[in-house]
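The values are calculated or read from the model by the stated rules, or taken from the named source; none is laboratory data. Note that the structure is predicted; figures quoted are calculated from it, not measured. Using ideal geometry, Cβ is built from the backbone for each residue, glycine included, and neighbour counts are taken over all protein chains shown. Just the protein is used for accessible areas: all its heavy atoms, side chains included, with ligands, DNA and RNA removed. Shrake-Rupley method; radii C 1.70, N 1.55, O 1.52, S 1.80 Å.
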Amino acid sequence: MAYFLDARSLSDAPRSGSIKIKLGSSPQLFGRIGMGFSSSVEDTVIMVCGAIGLTGDEEDTFTIHVVRGESYNPANVIYMMQGTVADSGFSEMISFHVHDFSVPAVPSIVYTAYISGEPTTFRSGPELFFGVASLS
């Protein structure tokens with residue numbers, strides 16, 4: 001039986017077309033959540049999910065990284081997704097779902113989400129990032 005510990009969410013750019021941020025080769029932060037526990041807990045499992053709206057040229061590539069930590073560090077990437085834009089000129093939602101089974105026993109933890117890609121692709125919204133921590 002699992003026990004609920006904490007849940008956090010971030011919602012940015014509430015609808016499609018509400019932003020227009022060009023992608024580039026450097027990872028751009030689009031989500032950050034911090035989770036806290038009453039004490040350091042072993043056997044914690046954290047589920048992190050998110051979605052991001054992209055508009056670009058057909059076959060433009062992009063990469064999403066989810067990082068355990070406050071800043072981008074390739075050594076702390078717990079999830080990487082590579083994809084391509086399917087339809088030119090239309091906003092499409094890209095979603096991801098990650099489970100972190102190797103959570104260190106700490107009283108708080110931060111997860112961040114980053115995206116990079118071709119400069120002909122734009123973050124167009126919406127952008128969502130959330131997590132749930134439970135004791136397994």
>> Tell me the net charge near P107. Cut-off is 14 Å between Cβ atoms, P107 excluded, with +1 for each Lys or Arg and -1 for each Asp or Glu.
In response: -2
>> Taking R0 as 30 Å, what FRET efficiency do you get between A2 and Q28 from their Cβ-Cβ distance, rounded to the nearest 0.05?
In response: 0.35
>> Multiplying the sequence separation of K20 and M80 by 0.36 nm and subtracting their Cα-Cα distance, what value in nm do you get?
In response: 19.3 nm
> Considering only the other residues whose Cβ falls under 12 Å of the Cβ of L23, what net charge follows from Lys and Arg at +1 and Asp and Glu at -1?
Replying inline: 0
> Across region 23-36, in residue order, what do the Karplus-derived ³J(HN,Hα) couplings come to in whole Hz, using 6.51 cos²θ - 1.76 cosθ + 1.60 with θ = phi - 60° and x for Gly and Pro?
Replying inline: 6, x, 6, 8, x, 9, 5, 10, x, 8, 9, x, 10, x
> In region 34-79, what percent of the accessible surface is made up of carbon and sulfur (1.4 Å probe, ligands and nucleic acids excluded)?
Replying inline: 42
> Just the accessible area per residue of the chain, please: how many Å² with a 1.4 Å probe?
Replying inline: 51
>> For the pair I94/M47, report the inter-label distance in nm, with labels modelled 7 Å from Cα in the Cβ direction.
In response: 2.3
>> For G69, what residues show an amide H to amide H distance below 5 Å, using hydrogens built from the backbone and excluding near sequence neighbours?
In response: V110, Y111, T112
> What translational diffusion coefficient, in µm²/s and rounded to a whole number, does the Stokes-Einstein relation yield for region 1-64 at 37 °C and a viscosity of 0.692 mPa s, taking the hydrodynamic radius as the Kirkwood radius over Cα pairs?
Replying inline: 215
> Per the Cauchy relation, a quarter of the hull surface: what is the mean projected area of the convex hull of the alpha carbons in region 8-136, in nm²?
Replying inline: 7.3
